[in-house]
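Everything below concerns the one structure shown next.
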Amino acid sequence: MTQSRAHNRQSRLHEPAPVLTGAQAVIASLEAEGVELVFGYPGGSVLAIYDALYASPITHITARH
């Protein structure tokens with residue numbers, strides 16, 4: 001490996017990981033698994049997930065009761 005390639009690889013190892021909220025991590029996990037559609041009932045404790053879902057390509061269908 002050339003010296004510049006080794007330096008680039010080493011510098012990437014020390015880059016800080018992106019900081020995500022729990023809701024963003026949930027949505028990122030769903031996207032990584034290939035989820036395209038979710039069903040849910042928005043409410044107080046999951047509103048942060050719905051905020052993160054708004055910026056996602058995942059389609060949401062509201063469940064009704």
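Values quoted throughout were computed directly from the atomic coordinates according to the rules given, and no laboratory measurement underlies them. Just so it is clear, the model here is predicted, and its values are computed rather than measured. No Cβ is skipped: glycine too gets one built from the backbone with ideal geometry, and neighbour counts run over all protein chains shown.
A few remarks follow.
- Segment 36-65, subset part of a strand (DSSP E or B) and of a type in the set (S, T, N, Q), residue surrounded by the fewest Cβ atoms within 10 Å (Cβ to Cβ): Thr62
- Close pairs (9 angstrom Cβ cut-off, 6 or more residues apart or separate chains): in contact (Cβ under 8 Å) with a residue 12 or more places away in the chain in segment 17-41, among the aromatic types (Phe, Trp, Tyr) and part of a helix (DSSP H, G or I) anywhere: Ala23/Tyr50; Gly40/Tyr50
- Reported count of residues in segment 13-31, each being hydroxyl-bearing (Ser, Thr, Tyr) and in a helix (DSSP H, G or I), is 1.
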